[in-house]
Amino acid sequence: MALIYIVEDDENIREIEMFALKNAGYDVQGFETAGTFYKKIKEKVPGLILLDIMLPDEDGLAIVKKLRLNSETRKVPIILVTAKTTELDKVKGLDQGADDYLTKPFGVMELISRVKALIRRSKGMDDEKLLRFGPVFMDDEKRQVFVNDKLCELTFKEYELLKLLMLNAGIVSTREMILDRVWGTDFEGESRTLDMHIKTLRQKMGSAGTLIRTVRNVGYMLIGEEQS
């Protein structure tokens, strides 16, 4: 399992995060300050970093910027953890190079799901031009989708939606995450738009549309019968 570094100055939150991820099978190390984190990352680069945006000695956004400028750490997946909830704060984090974010308070299951999804996407990301899940095949270079060997014509948003679900196959993609990644917003008013796109996507996929499951009050996931 991947090595995960947690940089969080709140001891209670750090211990909860470490306990949850260790139980999920990950090798986890925690740090209270940016200084201790920097010393450790020089010794060994982790598979993922869970980074609080508010630290006593350095801002999380500044840390992300430094990591992205370093050739040794520029590709390490980073999840920002923040109590800030405005869209501007989230945009700043993603613009600096963070891959995802969690807004406090968050549930343990959401934490594990986000970590699993990001690690999964980061592994061989450059090689993931061809995606397959059951009868669904996606050629991302040509931006073509085939279902049961037949070309499936999708709109831009439908394509991006299906791609996100395929990259996270077997893991729930929350509504907030989908809206942010595909629509560039987490505005609740877009929820109906998401539901309509899921509906048309399922219709265009025919019998394979049943692979897209609704997780009530959470989001959607791509899952096969053998995974039910």
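The values are calculated or read from the model by the stated rules, or taken from the named source; none is laboratory data. All of these numbers come straight from a predicted model, not from anything done at the bench. As a convention, Cβ positions derive from the backbone with ideal geometry for all residues, glycine included, and neighbour counts pool all protein chains shown. Note: accessible area is taken over every heavy atom of the protein model, side chains too, but ligands, DNA and RNA are not part of it. Shrake-Rupley method; radii C 1.70, N 1.55, O 1.52, S 1.80 Å.
Structure notes:
Listed here are the residues, each with its yes/no results for (1) among the basic types (Lys, Arg); (2) assigned to a loop (DSSP other than H, G, I, E, B); (3) modelled with pLDDT of 95 or more.
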position	(1), (2), (3)
25	no, yes, no
28	no, no, yes
38	no, no, yes
49	no, no, yes
56	no, yes, no
66	yes, no, no
72	no, yes, no
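- Note on the range 62-77: residues that are open to solvent by 30 Å² or more (accessible area, probe 1.4 Å) and closer than 14 Å to residue 99 by Cα amount to 4.
- Residue count for the range 129-179, restricted to those that are open to solvent by 30 Å² or more (accessible area, probe 1.4 Å) and either hydroxyl-bearing (Ser, Thr, Tyr) or closer than 26 Å to residue 95 by Cα (or both): 11
- Among the candidates 184, 134, 189, 124, residue that is at pLDDT 90 or above, over 30 Å from residue 15 (Cα atoms) and among the small types (Gly, Ala, Ser): 134
- Exactly one residue out of 84, 90 is in contact with a strand residue (DSSP E or B) (Cβ under 8 Å, 6 or more places away or on another chain), part of a loop (DSSP other than H, G, I, E, B) and modelled with pLDDT under 85: that is 84.
- Candidates 47, 35, 30: the one that is in contact with a Lys or Arg (Cβ under 8 Å, 6 or more places away or on another chain) and open to solvent by 20 Å² or more (accessible area, probe 1.4 Å) is 30.
- Subset of the range 1-47 [without any contact (Cβ under 8 Å) to a residue 24 or more places away in the chain and among the aromatic types (Phe, Trp, Tyr)]: 19, 38
- Hey, residue 54 without any contact (Cβ under 8 Å) to a residue 60 or more places away in the chain, in contact with a strand residue (DSSP E or B) (Cβ under 6 Å, 6 or more places away or on another chain), open to solvent by 10 Å² or more (accessible area, probe 1.4 Å) and among the aliphatic types (A, V, I, L, M) or not: no
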